[in-house]
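The values are calculated or read from the model by the stated rules, or taken from the named source; none is laboratory data. Not measured: the values here are computed from a predicted model. Neighbour counts are summed over all protein chains in view; Cβ atoms, including those assigned to glycine, are modelled from backbone coordinates with ideal geometry.
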Amino acid sequence: MNAHRHLTHLSAIPERKQPLSLSPSVAVLYRFLHRLARPIIRLLFRCRIVPDPQVLDYHGPLVVLANHVGFADPVFVALSLPASRPVRFVVGAHLCAKPVAGSLLRLIKVIPKLQFVRDSTAVRQILTGLREGNIIGIFPEGQRSIDGRSLPIDPAIAKLVQRTGAALMTLRLDGACLAWPRWRGMRPTPGKIALRSRFYAPEQVAALKQNELHCLILDDLGGNDYDWADAAGRPYYLGGRSTRGLVNLLHRCPDCEHDLVMRQEGRHAIRCSCCGATSELRRTGFFAEGAPFPHPAAWHLWQIAAAREQRASGAERVLRATCQQLGAGNDPYAANGPLLHGSFILEQERLRFVPDPGASDTAHDDLCWALGPEPAYFFMDLGLYVDLHTNGTRHRIQPLTSQAVGLINDWAEAGLLEAATAAEAGAAAV
């Protein structure tokens, strides 16, 4: 929700005017699906969702903030609230651009948001919805975690909540990444998910300083699915091949330290195509004894540290890829430029795409994205592409090697790690 940092003056939200008004048929369908989903969620994810009594007794404008680690997170948010008060979710504009999904999302009046860029239209819709007494659901991390770790949350989200005068509910989902990891695509692995909600009345929110509210949000939502699973006795998660798609995230071999070499091995293991080292992933989401890391998040953190060392040494990585500018008319994710073939170069301070000579009839300069205190990408689909933006223009980079998307992510997250380390060193010096 990075656009929130641009908010400076927001008037307090007045007393609610009316609840979210859905068409009669959509309202009936929403209540039916709400009731139907509860036993299904309990069966698949061993999760009994009981709305907080304070939330049931509250009828004013409400902001719901939830961590985002699984594909089904919006369902858990909706079930944590009464069916009589539908949630207006803030969702990625790319979802609303899809023909079928977009039509369904518009029926429940979601608020489309361009991810990781300033979107004043989305902010205005959020404020309007709160003035009308609606419940606004926001995943402040901006996109789903790829390894079960919490993503950064912009301090401006606390500013937004506090200046509106709305009540706040935080919802922490544990186990959702293990039950539906992002690297598995549309294939869930049913198993235990736990929820923890906390409600803060408007006067409680107003009594906090902005940095105190931000710390409260981080404490309520931050965490790691694997730490929770360890404490919960490592519950089992069912499904087909447990490592399906995992090599798009874990591409570097801990034994020979080569990138882009891990391959699927059978149903529950990944194997290095270079040295043959094999790691088995158990139904708990943890690796079997003898693996170099206890779980995928630890492996991924090691990859990021390796990328940081490579960047610090001045090394570069060159990947063959295609690039296309996005944004046409009302569809911000439609192709709006020639498909360029070229090289995507990972450098110490930036990511750069260099078109092949003669790749297009139109001359193109190199495209560059700085690596700073935030990851350079704003959206990616593991194994497929990464979307980057600069000066309001979005470009889609599609490497010819599917695992290279994970490498690009590691390189970008290494920049975030460096910024955090520098900030800690500065604080220690003070």
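Cβ-Cβ under 9 Å, sequence separation 6+ or interchain: first residue in the stretch 273-286 and within 13 Å of residue 241 (Cα to Cα), partner of a type in the set (A, V, I, L, M) and surrounded by fewer than 16 Cβ atoms within 10 Å (Cβ to Cβ). Which pairs?
Listed pairs, sorted by first residue: 280/288; 281/288; 282/288; 283/238.
Looking only at residues in the stretch 338-355 that are of a type in the set (A, V, I, L, M) and touching a residue at least 24 places away in the same chain (Cβ under 8 Å), which one is farthest from residue 178 (Cα to Cα)? Quick ask: steps written out before the conclusion?
Kept after step one, since they are of a type in the set (A, V, I, L, M), are these residues of the stretch 338-355: 339-340, 345-346, 351, 354.
In the following step, the residues that additionally are touching a residue at least 24 places away in the same chain (Cβ under 8 Å) were identified as 340, 345-346, 351.
Values: 340: 37, 345: 33, 346: 30, 351: 31 Å.
The qualifying residue farthest from residue 178 (Cα to Cα) is 340.
Anything in the stretch 67-108 that is of a type in the set (A, V, I, L, M, F, W, C), farther than 18 Å from residue 123 by Cα and at pLDDT 85 or above? List them, or say none.
The answer is 69, 71, 72, 75, 76, 77, 78, 79, 81, 83.
Need the failing condition index for residue 335 against (1) hydrophobic (A, V, I, L, M, F, W, C); (2) closer than 23 Å to residue 180 by Cβ; (3) touching a strand residue (DSSP E or B) at 6+ places or on another chain (Cβ under 7 Å), just the number.
Going through (1) hydrophobic (A, V, I, L, M, F, W, C); (2) closer than 23 Å to residue 180 by Cβ; (3) touching a strand residue (DSSP E or B) at 6+ places or on another chain (Cβ under 7 Å) one by one, residue 335 breaks only (2).
Condition first: acidic (Asp, Glu), in a loop (DSSP other than H, G, I, E, B), within 25 Å of residue 155 (Cα to Cα) and at pLDDT below 90. Can you find one or more residues in the stretch 367-376 that meet it? Walk me through how you get there before you give the answer.
Initial filter on the stretch 367-376 (acidic (Asp, Glu)): 374.
Still in the running and in a loop (DSSP other than H, G, I, E, B): 374.
Those left that are additionally within 25 Å of residue 155 (Cα to Cα): 374.
Pick out the ones that are also at pLDDT below 90 and you get 374.
Yes, there is a match, as at least one residue in the stretch 367-376 is acidic (Asp, Glu), in a loop (DSSP other than H, G, I, E, B), within 25 Å of residue 155 (Cα to Cα) and at pLDDT below 90.
Would you say residue 361 is surrounded by fewer than 19 Cβ atoms within 10 Å (Cβ to Cβ), modelled with pLDDT of 85 or more, acidic (Asp, Glu) and not assigned by TED's automatic domain parsing to the domain that holds residue 113?
Considered against the rule, which asks whether it is surrounded by fewer than 19 Cβ atoms within 10 Å (Cβ to Cβ), modelled with pLDDT of 85 or more, acidic (Asp, Glu) and not assigned by TED's automatic domain parsing to the domain that holds residue 113, residue 361 comes out as no.
Please enumerate the residues belonging to the stretch 183-200 that are in contact with a Gly (Cβ under 9 Å, 6 or more places away or on another chain) and either in a strand (DSSP E or B) or at negative phi (or both).
Listed by number, the residues that qualify are 183, 184, 187, 188, 189, 190, 191, 192, 193, 194.
Test residue 216 against the criterion of being in contact (Cβ under 8 Å) with a residue 60 or more places away in the chain and either among the aliphatic types (A, V, I, L, M) or surrounded by 20 or more Cβ atoms within 10 Å (Cβ to Cβ) (or both), and give yes or no.
no
I'd like to verify a number: residues in the stretch 201-212 that are among the hydrophobic types (A, V, I, L, M, F, W, C) and in a helix (DSSP H, G or I), how many? Steps first, answer last, please.
Taking the stretch 201-212 as the starting set, the residues that turn out to be among the hydrophobic types (A, V, I, L, M, F, W, C) are 201, 205-208.
Narrowing further to those that are in a helix (DSSP H, G or I): 205-206.
So the answer is 2.
Residue by residue, here is whether (1) within 28 Å of residue 390 (Cα to Cα); (2) of a type outside the set (Val, Ile, Thr); (3) assigned by TED's automatic domain parsing to the domain that holds residue 216; (4) in a helix (DSSP H, G or I) holds:
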residue	(1), (2), (3), (4)
85	no, yes, yes, no
90	yes, no, yes, no
100	no, no, yes, yes
115	yes, yes, yes, no
124	yes, yes, yes, yes
141	yes, yes, yes, no
151	yes, yes, yes, no
154	yes, yes, yes, no
160	yes, yes, yes, yes
